[in-house]
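Undergrad: One structure coming up, written as C-alpha cells, with questions to follow.
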C-alpha cells in the first residue's frame, strides 16, 4: 500500500507541474494573441510530439519530455537594420555573426508579407513586457492560490492554549530529556493541579488565545506570584501560581540562554485556518529564501557535483524535477499522514516550485523571460530618451545580438539540469 501511495504522490506532483507549465505558457500566449501577435505553437514538454491538435492558426500539444514548455510567438527577432527579411541572406563571417544571421534566417523562413503587422518585435515595449512577464506572473498567482488553499483551506498545525501534558519537574533546556529526580523542584503547573485538557484563557489577568502570547507572558513574569485562569469541564477557574525561574533558550536568539518564568505545561496542537495576512507572510518569507537560493545557485552546484561523486549531499541542496518527484513521494508516506495532510504537503511543494519558477524566469538573461523583459524595458527607456532629446525613435531593440549569450546560458542550464538529475538518482535528497 505504501508503494501505491508513493506512486500517487509522484503522479499528483507531476500532474501539478504539467498544469503549472501549461498555465505559465498561457500567461504568454493569451496577452500575445490579445495584442494581435501570431502564435503558431503551444506545447507542454520538449522532444518528440506525443499528441497535438490544431485550433485556428495555433497547434496545441504534448511532447515526450515534460521538463518545460514553449509558445511560438512569430517574429521575436527583428530583421537586421536596413535588411529585407524576405530577401536572400548574404554570407556573414565570424562565429557569433553567423549564429545571429542563421537565427534571423530561420525566424523568417515561414513568415509572409501578410504576417508583417503581427510580428512580436513590432509591439510597443510595454506590450512586450506584458507578454513576457505574463508567464512568471501566472506562476506567482498559482503559488498564491496554493498557499491560500494550504493555509486558509486546510489550515496548519499550531499550538493551542489547551494543555497536552504537565511536566513533573522544572529543569533547564540544557537538561531537557532526562528523567526527573527527587532533587528536582515540582513544576508550578503540577503544584496547582493543572491537567491535560485544561484550556488556559488568561495569565496574570491578561486574556490569551494563542500559545505564543501565553508563553511570552509566562517567561516575562519570571518568579513573581500571579494568577492563571483556565477552563475545565466547561467551568472557568482562577488559581494563584508562582512560576519557577529556569534557564531557557531565548525566543529571538536560540544561541542565547536566559532566566525566565516557567510553568511546566506543553500545548495541544490543533489544525487552525489562517487568514490572508499569514499567506502573504509565508509567500514573502519563501520569496526571500528563494531569492537567496537563486543567488547562491552557482556555488551550491559545486556541492551537487561533489555529491554526484559520492560526497554527502546537504539537505537543502538544489534538486531537479526528478528529485522533487522523489520528495513528493516521500512526503505522502512519511509519518503516516492523513489524506488531507498528504494533499497539503504536495500542494505546498507545488507552491514553492511555482514561486521558484517565477523568480528564476525573472532573471534578466536570455533565453529566460527576464532577458526579454530587460530588452523591452531598455527599448522603452531608449525611446523616451530619444524623444526628450528631439531625436527619432531608434526602434525595437535587436535582441538577436544577445543570442550568443542566450546560447551560453542555455548550455549552462542544460548541463546543470543533467548534473542535478544524475545526483538525484545516485545520491538523492531525502525528507525521511
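Undergrad: Please work out which one of (1) in contact with a helix residue (DSSP H, G or I) (Cβ under 9 Å, 6 or more places away or on another chain); (2) touching a residue at least 12 places away in the same chain (Cβ under 8 Å) is the condition residue 19 fails and give its number.
TA: Failed condition: (2).
Undergrad: Also, I was wondering about something else. Just a yes or no: is a residue in region 306-320 part of a helix (DSSP H, G or I), without any contact (Cβ under 8 Å) to a residue 60 or more places away in the chain and surrounded by fewer than 19 Cβ atoms within 10 Å (Cβ to Cβ)?
TA: Among the residues of region 306-320, at least one is part of a helix (DSSP H, G or I), without any contact (Cβ under 8 Å) to a residue 60 or more places away in the chain and surrounded by fewer than 19 Cβ atoms within 10 Å (Cβ to Cβ), which makes the answer yes.
Undergrad: While we're looking at this one, here's another question. Inspect all residues belonging to region 380-389 and state whether any of them is over 26 Å from the mean Cα position of the chain (by Cα) and either assigned to a loop (DSSP other than H, G, I, E, B) or at positive phi (or both).
TA: Yes, because at least one residue in region 380-389 is over 26 Å from the mean Cα position of the chain (by Cα) and either assigned to a loop (DSSP other than H, G, I, E, B) or at positive phi (or both).
Per-residue answers, yes or no, for (1) closer than 30 Å to residue 126 by Cα; (2) surrounded by 13 or more Cβ atoms within 10 Å (Cβ to Cβ); (3) not assigned by TED's automatic domain parsing to the domain that holds residue 360:
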residue: 385; (1), (2), (3): yes, no, no
residue: 397; (1), (2), (3): yes, yes, no
residue: 406; (1), (2), (3): yes, yes, no
residue: 415; (1), (2), (3): no, no, no
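Undergrad: Then there's this: In region 367-379, is there at least one residue being surrounded by fewer than 17 Cβ atoms within 10 Å (Cβ to Cβ) and not in a loop (DSSP other than H, G, I, E, B)?
TA: yes
Undergrad: Further, regarding this structure: Which ones in region 328-344 are surrounded by fewer than 21 Cβ atoms within 10 Å (Cβ to Cβ) and assigned to a helix (DSSP H, G or I)?
TA: Hits for region 328-344 are 330, 339, 340, 341, 342, 343.
Undergrad: Continuing with the same structure: Read through the list (1) buried (at least 19 other Cβ atoms within 10 Å of the Cβ); (2) closer than 22 Å to residue 344 by Cα; (3) over 27 Å from the mean Cα position of the chain (by Cα), then give the number of the only condition that residue 1 fails.
TA: The one condition residue 1 does not meet is (1).
Undergrad: Could you check residue 364 against (1) assigned to a loop (DSSP other than H, G, I, E, B); (2) closer than 26 Å to residue 68 by Cα; (3) in contact (Cβ under 8 Å) with a residue 40 or more places away in the chain; (4) in contact with a helix residue (DSSP H, G or I) (Cβ under 8 Å, 6 or more places away or on another chain) and say which number it fails?
TA: Checking residue 364 against (1) assigned to a loop (DSSP other than H, G, I, E, B); (2) closer than 26 Å to residue 68 by Cα; (3) in contact (Cβ under 8 Å) with a residue 40 or more places away in the chain; (4) in contact with a helix residue (DSSP H, G or I) (Cβ under 8 Å, 6 or more places away or on another chain), the one that fails is (3).
The values are calculated or read from the model by the stated rules, or taken from the named source; none is laboratory data. Predicted model only: the values in this text are computed from it and were never measured. Please note: Cβ atoms are built from the backbone with ideal geometry, for glycine as well, and neighbour counts cover all protein chains shown.
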